[in-house]
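The values are calculated or read from the model by the stated rules, or taken from the named source; none is laboratory data. All values derive from a computational prediction rather than experimental measurement. Heads up, the Cβs are rebuilt from the backbone with ideal geometry, glycines too, and the neighbour counts pull from every protein chain shown.
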Amino acid sequence: MRIGRYLSWIAFVATGFAVVLLLARLPAAEQNLNHRLSSVSVFEPESAARLTDDRLVDALSAIPLSNRPIRLEWNHGILAVDLRGEEPRLLNRDIALLLGFAYSDVRNVKQVLIRAFESRGERKVLLLAAETRKTDWTEEELALLRQSADNPGSELAGRSTNIRWTITAAGKRWFGNFANS
């Protein structure tokens with residue numbers, strides 16, 4: 001009977017010793033598990049080179065526009081931006097920045113539509129509209145466009161035949177008032 005009693009105590013001590021050894025190995029096992037789990041990517045990050053509905057506002061908010069956007073729309077490769085006409089002398093720069101973003105920074109924009117409005121009380125008055133397609137531009141022309149965005153005084157409307165402009169009578173007066181001031 002004494003031997004059975006000693007055997008149970010020996011088994012108990014051996015089990016305790018094994019538990020202590022296993023607990024000592026636990027941090028190493030946890031590090032190994034974390035390393036294996038962190039190296040496996042479940043989701044691929046979305047490429048910043050594509051414009052999507054989810055990224056539209058975030059992507060365009062990174063552009064330092066002088067005339068505040070009042071509406072953005074993304075529909076089947078067409079980017080439509082409505083701007084509040086606040087700074088006439090910087091409108092060309094804003095359009096150049098938007099086109100540089102659309103045709104150089106992202107790769108899935110096929111066409112850009114830009115409209116500028118002036119607020120008159122509760123109504124908006126259309127000043128101008130600009131429309132262009134990516135196929136209208138070469139890489140050299142896009143580089144010149146970027147340069148004109150860096151020079152706020154440049155006349156984009158006179159230099160670029162790639163943009164189809166529509167300037168309303170209110171827009172002509174708006175630009176005329178700016179030129180006279």
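For first residues located in the stretch 75-97 and at pLDDT below 90, partners that are among the aromatic types (F, W, Y) and lie 6+ apart or on another chain with Cβ distances below 8 Å form the pairs G85/F117; G85/W174; P88/W174; P88/F175; P88/F178; R89/F178.
Assessment of the stretch 109-125 against the conditions (outside any strand (DSSP E or B) and modelled with pLDDT of 90 or more) yields at least one matching residue. Residue count for the stretch 76-85, restricted to those that are within 16 Å of the chain's Cα centre (by Cα) and part of a strand (DSSP E or B): 4.
Checking each residue in the stretch 82-97 for being of a type in the set (A, V, I, L, M, F, W, C) and in contact with a helix residue (DSSP H, G or I) (Cβ under 8 Å, 6 or more places away or on another chain) picks out L83, I95, A96, L97. Are any of the residues in the stretch 133-146 modelled with pLDDT of 90 or more and in contact with a strand residue (DSSP E or B) (Cβ under 6 Å, 6 or more places away or on another chain)? Checked against the condition, which is being modelled with pLDDT of 90 or more and in contact with a strand residue (DSSP E or B) (Cβ under 6 Å, 6 or more places away or on another chain), the stretch 133-146 yields at least one hit. Among the residues of this structure, L72 counts as one that is surrounded by fewer than 16 Cβ atoms within 10 Å (Cβ to Cβ), touching a helix residue (DSSP H, G or I) at 6+ places or on another chain (Cβ under 6 Å), among the aliphatic types (A, V, I, L, M) and part of a strand (DSSP E or B).
Could we say that T52 is in a loop (DSSP other than H, G, I, E, B) and either in contact with a Ser or Thr (Cβ under 7 Å, 6 or more places away or on another chain) or modelled with pLDDT of 85 or more (or both) here?
Yes; evaluated as a whole, the condition is true for this residue.
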